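See structure below.
Taken together, the values in this text are just the output of simple stated rules run on the coordinates, not laboratory data. Model, not experiment: these values are computed from the prediction. Ideal geometry is used to build each Cβ from the backbone, glycine not excepted, and the neighbour counts take in all protein chains shown.
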Amino acid sequence: MSFRTADGTVQAVRGLSFHIDAGQTLGIVGESGSGKSVSTQTIMGLTLGAQVSGRAIFEGQDLLTAGAAQMRAIRGAKIGMIFQDPLSSLHPYYRVGWQIIEMIRLHDHDISKADARKRAVELLKLVGIPQPETRVDDFPHQFSGGMRQRAMIAMAMALNPALLIADEPTTALDVTVQAQVLRVIRRMQEMFGTAVILITHDLGVIADVADEVLVMYGGEIMERADRRTLFAASHHPYTEGLLRSLPSYGGARERLRPIPGQPPSLLSPPPGCPFAPRCVYVMDRCRTEDPPLLPAGSEAGHISACWLPHDTAARAEVRRRVTESEPAQSPASPAGQVDAVDSAGA
Amino acid sequence: MSDVNPVPGAASDDEVLLRVENLVKYFPVRSAGLLGKREYVHAVDEVSMTVRRGQTFGIVGETGCGKSTLGRTIARLYDVTSGKITFDGKDITRLSQRRMRPLRREIQMIFQDPMGSLNPRRRVGSIIGDPFAIHGLASGAERRRRVQELMERVGLNPEHYNRFPAEFSGGQRQRIGVARAIAFRPKLIICDEPVSALDVSIQAQVINLLADLQAEFGLTYLFIAHDLSVVRHVSNTVAVMYLGKLTEIAPADDLFTTPRHPYTGALLSAVPVPDPDLSDQREQIILVGDVPSPIMPPSGCRFHPRCPKAAPVCVSEVPQLEPRLGDGPDHVAACHLPMAAGENLINFRPTIDELDRVVEADGSVLPGGAVSEGSKS
């Protein structure tokens, strides 16, 4: 899919394919501008004016060709959404409970007002809002950040959707509140068998909750693997770079190994692999041909878009060679290294 | 309060760059009625700490705990309500703006939002050159030369002197902020969430840059952040803040391996770990409820309404920051019932009755016991 902008056509997402089964959590991880949010917004028909090609089959129906009325019936009822900033997704002028009731009555025309209200209270209780019977009449500003996000979850889950799309649901929250919210999502998933697509930039959250993980960069999928494989035996150099740039949790404090350079512009994506300009393993072929997603390693379902050998042993050998030939990191020079790449990329 | 000086480590005076004693910062808020009592936000309450030269002192805490206010009060961007700040042997608590000015060169700040702290309509060269202009130290070609030197030092291309902030990426903008801060080789840089707005790969670049500059110029950092793994990585000493109070101060590794304060323990357990095996093994302690209002902070230990170990003494008595359970003078905690090494908070229930259950292990009932697995709707 692409957007027309004043500066040209932005190719926000290219060649994205994935599937998700009921009760599963698919994590999509990537940095700003990797296309991780825009891809799910497209599925939901929320990217007006975008040029989209492809298909998005949900319960046998193609969402990309569905009409506006059909999409309205699906949004909220069958696919729930949670966004990063709960304050901007809740209407400040209406009571929290009213907004949940409205949501329920919009899709369920038979339910009485009193029953919908009872259901709203039940939902707020379910997501851990204290004294839901009274808090249901609060305005959004009377809720704390974590409570607002939990109210959003209550609203998204009001009609037992088959799929919940959570776009950075905990990014604006503190760690202790984040733990609460993630637990509520997990609990709801266990209770209702909801499939969850969790979009985040936080690899820690991914390690905590995702079954399968998609790594996106420059609008493309770089790698897909189950959670364990991704963290223990990643194939793609971008995934490896992401994991290496995290401060280690415990253990010795080594110098961090950032990925040099800046993310690419999507206005004029380079012809080859989008990660090539920042990749330590880059080969001539990477700059001209975009590698396809092919099976990697020994785990089923592990795919990676990279020209490096897809056999585990051969990949490890390449990694060893490159790591050894890396200049010994002296504390004085690296800023200079980054400098060189920065100015080249800018 | 008696003359407590719960400063970890009796560091000698010339080792210490910054000493904060019983620092208090209240903000007045509008009172409820015409005759209502004037109320205050207790943003920073009786904070004492010592920052040594050439080291990094990390402050962690959640939104609204007062960590940014603490940093800004130390930089004298806010007036001090009470207490004492000694910087480089000088009492700067009550210095006038005019007398503070020469010291501004020595205390610099780096802010979270690089875009919000850079004027979008001014060119980068003139933004970084500001300190030279303000202090009248260099002008014309000389200023340009020094600015370009700085840009090069922080990993920016000096040819981009005439660009606007919008033409830089987030990481590069933060480098601009860093360049401006190090212009005069300050003694202390207060970094307020310097990397939280950046992507992981870029975040690591900026952290490394800060480390290089520290090694090169012997800088001292006060590093304020909410990301515990980042704070652990950069800091020598870490202080944990909750609702305006420091709850624990310890050498970074000690704090993460043997936290004494239950709040530290809960905070550490809530951090998602990028390691599936580790995150599967550990039992998360999930604090229930929200941080109380800093206008009416709870009595005694401010953490008691959410603490799994809360006992009557925690409600009635304010715990002091002091070494607990045989810790050295470097590791102090403000807790009546500190955690022993390896202790699991999940096994504790508060022995005060004024509240519902406060903490539960992952996998038990939801807050308030609202849901059991059977009550599916």
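Of all aspartates and glutamates in the structure, the ones whose alpha carbon falls short of 13 Å from that of A:Lys118, not counting any fewer than 8 places away in one chain, are A:Glu102, A:Glu133, A:Asp137. Arranged from fewest to most other beta-carbon atoms within 10 Å of their beta carbon, A:Asp85, B:Asp79 become B:Asp79, A:Asp85. Rounded to the nearest 20 debye, the dipole size of the protein assembly as shown about its Cα centre is 2220 debye, using +1 on the Cβ of Lys and Arg and -1 on the Cβ of Asp and Glu. Within 10 Å of the Cβ of each residue in B:266-272, the mean number of Cβ atoms contributed by other protein chains is 6.
Long hydrophobic helices in chain A: the complete DSSP H runs spanning 15 Å or more by Cα along their own axis with mean Kyte-Doolittle hydropathy of at least 0.5 are A:96-107.
3J(HN,Hα) couplings calculated from phi for segment B:106-115 with the Karplus curve 6.51 cos²θ - 1.76 cosθ + 1.60 (θ = phi - 60°) are, in sequence order, 8, 10, 10, 10, 10, 9, 5, 8, x, 6 Hz; Gly and Pro show x.
Of the beta bridges in segment A:3-214, as assigned by DSSP with both residues counted there, near 20 percent are antiparallel. Per-residue shielding of B:204-214, expressed as the average number of other chain Cβ atoms within 10 Å of the residue Cβ, stands at 6. For the peptide B:287-296, the mean number of other protein chain Cβ atoms found within 10 angstrom of a residue's Cβ is 3.
Could you let me know the centre-to-centre spacing of segment A:207-242 and segment A:48-125, using Cα atoms, in angstrom? So the separation of the two Cα centres works out to 30 Å.
Rounded, prolate or oblate: which fits the protein assembly as shown when a ≥ b ≥ c are the square roots of the eigenvalues of the alpha-carbon gyration tensor, with rounded for a/c under 1.5 and prolate only if a/b beats b/c? In terms of gyration-tensor shape, oblate. Close amide H contacts of B:Ile59 (hydrogens built in the peptide plane, cut-off under 5 Å, sequence separation of 5 or more or a different chain): B:Phe223, B:Ile224, B:Ala225, B:Ala239.
Kirkwood radius, segment A:3-214, all distinct C-alpha pairs, inverse of mean reciprocal distance: 17.8 Å. Classify segment A:113-194 as rounded, prolate or oblate, taking a ≥ b ≥ c as the square roots of the eigenvalues of its Cα gyration tensor: rounded when a/c is under 1.5, otherwise prolate if a/b is larger than b/c and oblate if not. It is oblate, given that a/c is not under 1.5 and a/b is not larger than b/c. If you count Lys pairs in chain B whose Cα atoms are under 21 Å apart, skipping same-chain pairs closer than 8 places in sequence, the total is 12. As a rough footprinting exposure proxy, the listed residues A:Met191, A:Met222 were ranked by other beta carbons within 10 Å of their own, and the order from fewest upward is A:Met191, A:Met222. Each principal axis of the Cα cloud of chain B was evaluated for its coordinate range; sorted largest first, these ranges are 73, 50, 49 Å. Ranking of B:Thr69, B:Thr81, B:Thr247 by neighbouring Cβ atoms within 10 Å, starting from the fewest: B:Thr81, B:Thr69, B:Thr247. Which residue, A:Leu214, A:His141, A:Leu164, has the largest displacement toward the positive end of the dipole of segment A:3-214 when charges sit on each Cβ (Lys, Arg +1; Asp, Glu -1)? Result: A:His141, furthest along the dipole toward the positive end. Between the C-alpha center of segment B:164-185 and that of segment A:133-159 there is a gap of 39 Å. Distances between placed amide hydrogens fall under 5 Å for A:Phe58 paired with A:Leu63, all partners being 5 or more residues away or on another chain.
Along segment B:51-58 the Karplus relation, 6.51 cos²θ - 1.76 cosθ + 1.60 evaluated at θ = phi - 60°, assigns HN-Hα couplings of 10, 8, 4, x, 10, 10, 10, x Hz to successive residues, with x for each Gly and Pro. Pairs of Cα atoms nearer than 8 Å and 6+ residues apart set the relative contact order; for chain A it is 19 percent. Phi angles across segment A:271-288 convert, under the Karplus curve 6.51 cos²θ - 1.76 cosθ + 1.60 with θ = phi - 60°, into 3J(HN,Hα) values of x, x, 5, x, 8, 3, x, 10, 8, 7, 9, 4, 10, 4, 4, 4, 7, 10 Hz, Gly and Pro given as x. Pick out, from A:Ser34, A:Ile153, A:Val52, the residue whose Cα sits farthest towards the positive end of the charge dipole of chain A, with +1 on the Cβ of Lys and Arg and -1 on the Cβ of Asp and Glu. Toward the positive end, the furthest listed residue is A:Ile153. Near B:Leu18, the amide H atoms lying under 5 Å from its own belong to B:Val51, B:Asp88; only residues 5 or more places off or on other chains count, and H is placed 1.01 Å from N. With a cut-off of 15 Å on the backbone N, the residues of segment B:169-202 near the modelled label site 7 Å out from A:Ser265 along Cα-Cβ are B:169-170. Dimensions of segment A:161-286 from C-alpha coordinates, computed as largest minus smallest value along each principal axis and given longest first, are 51, 38, 27 Å.
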